[in-house]
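First up is the structure itself, then whatever we jot down about it.
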């Protein structure tokens with residue numbers, strides 16, 4: 001059916017085009033309206049139809065390794081904390097579970113209810129398989145949530161804040177994505193994206209349109225204070241030559257326009273600044289997946305002050321630990337002879353020296369091609385979210401697995417595979433750090 005529609009559209013456009021050409025009428029805008037836009041629209045309709053009927057969609061990306069569900073390993077004497085907070089592609093919720101996998105508290109965070117009025121929805125945002133991908137729990141039970149769909153690059157629905165009872169506090173209706181960091185003054189940093197239709201003077205080799213990412217600062221009430229173009233941050237920096245060399249770095253330019261793909265915002269600690277003179281306490285470290293790059297941004301000077309590559313590839317969630325080094329999930333940088341391509345990596349970000357790594361076992365290799373996160377714990381252990389494997393685990397620095405959790409939900413894709421939902425944002429908490437758990441439930445409505 002699609003081929004018939006496409007054939008009719010092209011033939012009709014051709015006939016109209018030649019008639020107008022014969023009359024001496026032609027503009028690039030006319031060509032786009034006659035050819036490019038109708039074909040792109042039909043292609044998008046086909047893609048949406050295929051995705052809607054697809055038996056294996058993105059968020060159930062990986063086949064289950066086995067049929068184990070819930071907590072499959074627990075050595076409670078060697079773990080840290082009491083509860084794990086996370087979200088899952090299995091439903092529009094966030095959960096707080098104890099070390100045995102029992103649900104202590106849950107939040108319902110449904111984008112369809114938050115953006116219930118279709119007039120409040122951006123036409124570009126996805127309505128297909130949109131899930132809560134990143135969640136951030138506050139001591140009073142409030143949760144910040146980021147949503148991602150399958151509608152392409154600008155498929156993210158935005159940022160919302162709900163209270164401990166899942167009631168909406170506010171929402172930010174931009175293409176917020178990947179990460180969020182709360183500043184000491186209560187302001188919020190996150191990423192948004194927009195399509196740039198004109199060339200950027202600092203990156204003359206890039207051909208528009210392409211995605212322009214921004215680092216955005218919001219107030220505690222969710223109102224935007226300022227936004228900083230990642231391109232502008234580099235253009236004003238000592239690393240500005242990086243933009244001029246993009247024609248060599250990007251060969252070819254990504255057809256989807258995703259140039260940087262920023263995914264992490266981490267505050268630079270005093271320990272990091274003491275260990276490495278390039279770091280400034282209070283500045284922020286940004287991670288760019290598509291360039292395998294880390295960069296430090298000065299929010300007062302609105303510029304990048306340091307950027308570097310390292311022994312990581314497609315990385316997510318770099319976090320400073322107590323000694324000032326970095327712990328991260330290295331999605332595609334493991335070149336050892338183990339089965340997986342991923343690893344949990346502890347590295348000195350300036351020298352590039354690998355200080356420690358964990359890539360799992362032959363039975364359970366660490367691998368996720370996208371997303372994933374690390375949560376370095378005060379006792380030296382690392383809680384890891386292995387997103388596409390539907391798994392969270394805690395490992396000691398002696399590489400002993402002391403807690404292992406598998407998403408209990410499954411999806412039969414119709415092709416003989418049983419798939420496991422992606423997990424996101426695993427963070428560990430002590431009960432003493434979550435006073436909202438001791439509050440009485442709200443009184444029923446009269």
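Every read-out reported here was derived from the displayed coordinates using simple, explicitly stated rules and does not represent laboratory data. From a predicted model like this one, the values you see are computed outputs, not experimental measurements. With ideal geometry, Cβ positions are generated from the backbone for all residues, glycine too; neighbour counts draw on all protein chains shown.
A few remarks follow.
- Residue order, fewest to most surrounding Cβ atoms within 10 angstrom, among 312, 107: 107, 312
- Cα-based convex hull volume of segment 80-187 per residue, rounded to whole Å³: 113
- Overall shape of segment 63-436 was characterised from the C-alpha gyration tensor. The equivalent ellipsoid obtained from it has semi-axes of 30, 25, 21 Å, in decreasing order.
- Reduced Cα scattering model of segment 253-306, Debye log10 I(q)/I(0), q = 0.18 Å⁻¹: -0.61
- Rg and Dmax, both from the Cα atoms of segment 185-292 and both in Å, are 15.2, 42.
- Relative contact order (%) - criterion: Cα under 8 Å, at least six apart; region: segment 63-436: 16
- Annotation: the residues 242, 86, sorted from fewest to most other C-beta atoms within 10 Å of their own C-beta, follow the order 242, 86.
- Short to long, the 10 Å bins of the Cα pair-distance histogram for segment 226-274 hold 19, 41, 31, 8, 0 percent of all pairs.
- Stokes-Einstein D in µm²/s, Kirkwood radius over Cα pairs - segment 385-446 at 4 °C with 1.567 mPa s viscosity: 86
- Footprinting exposure proxy for 325, 308, 351, 166 (fewest neighbouring C-beta atoms within 10 Å first): 351, 308, 166, 325
- Computed from the C-alpha gyration tensor, the three semi-axes of the ellipsoid equivalent to segment 298-446 are 29, 25, 17 Å, from longest to shortest.
- Semi-axes of the equivalent ellipsoid for segment 60-126, computed as √(5λ) from the eigenvalues of its C-alpha gyration tensor and ordered from largest down, come to 33, 17, 9 Å.
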